[in-house]
Amino acid sequence: MHVIDMISWQEADKYLDCENQENLDDFLKCVKEYILKNNIRIGGFEHQRNGVPLIEYNGQKYAFLIGLRAWGALMAEALEPENKDEYAYCKWAWNNPDVSQS
């Protein structure tokens, strides 16, 4: 199992959805590793535009489509594992904290 590309939300319709798979935790782990290895730092809106991980697993391709809050939680868990605040996801769900807000 590995991420082979980042695609748009619209392109994701062409692929299986990993959210409905029994081994969703494996998909989450795969995406977290990809985020860390490739220094991916995008917010939820960016995930839904052009940041949907495309994962190859057992000869099939799966789109890692998740909502804004779930993406925010994933980013917070991957990039700030020491932050146990229940609202840590908010930092990434709608924004990218690396981009200054003016």
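Which whole-Hz couplings ³J(HN,Hα) result when phi for each residue of the range 30-35 is put into the Karplus expression 6.51 cos²θ - 1.76 cosθ + 1.60, θ = phi - 60°, listed in order with x for Gly and Pro?
4, 5, 4, 4, 5, 4
For the chain, what is the calculated [θ] at 222 nm in deg cm²/dmol (nearest 500), taking -39500 (n - 2.57) for each run of four or more DSSP H residues and dividing by its residue count?
Values: 4 runs with 37 residues, N = 102.
Mean residue ellipticity at 222 nm (helix-derived): -10500 deg cm²/dmol.
Explain nothing, just the number: relative contact order of the chain, from Cα pairs under 8 Å at least 6 residues apart, as a whole percent.
Computed value for the chain: 33 percent relative contact order.
Once amide H atoms are built 1.01 Å from N in the peptide plane, which residues 5 or more positions from Y57, or in another chain, come under 5 Å H to H?
Long-range HN contacts for Y57: Y62.
Return the long-range amide H neighbours of D17 (sequence gap of 5 or more, or a different chain), with a cut-off of under 5 Å between placed amide H atoms.
A63
Bear in mind these aren't lab numbers, they're just calculated from the coordinates by the rules spelled out. Keep in mind that this is a model prediction, so the values were computed, not measured.
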